[in-house]
Amino acid sequence: MIIPSQGLRIVLAVRPVDFRCGHDALAALVQNKLGLDPHSGLIVVFRSKRKDRLKILLWDGTGLVLIYKRLGDNGFLGRRSATASCN
């Protein structure tokens, strides 16, 4: 179980990402595209192009943790935007 602290920052990536990306590629996206430090303790939430999957990247103090969630029937609603790639 992940218990958030009071000063926890959660960042929602607006653009969908290529869901073939793993820990390192998503951490690079956080650093290069968002200008944030993926090892600072923040939580970054990414969504798939189809809006039916989420990837959550966080640093737990010992390493990067990647959580993958497949959403139910309709996923979630949101506006369309270009997809960010792993490269």
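The values are calculated or read from the model by the stated rules, or taken from the named source; none is laboratory data. It should be emphasised that the depicted structure is a prediction, and the values quoted were computed from it without experimental measurement. Methodologically, a virtual Cβ is constructed for each residue, glycine included, from the backbone with ideal geometry; neighbour enumeration extends over all protein chains shown. Just so you know, the surface numbers come from the protein's heavy atoms only, side chains and all, with ligands and any DNA or RNA stripped out. Shrake-Rupley method; radii C 1.70, N 1.55, O 1.52, S 1.80 Å.
Taken over the stretch 33-49, the criterion of being closer than 14 Å to PHE19 by Cβ and hydroxyl-bearing (Ser, Thr, Tyr) is satisfied by SER48 alone.
Restricting the first member to the stretch 19-47 and to residues that are modelled with pLDDT of 95 or more and of a type in the set (Lys, Arg), and the second to residues that are open to solvent by 40 Å² or more (accessible area, probe 1.4 Å) and in a helix (DSSP H, G or I), no beta-carbon pair is closer than 9 Å while six or more apart or on different chains. Scanning the stretch 29-50 for residues that are touching a Gly at 6+ places or on another chain (Cβ under 9 Å) and under 13 Å from LEU12 (Cα atoms) turns up ARG47, SER48.
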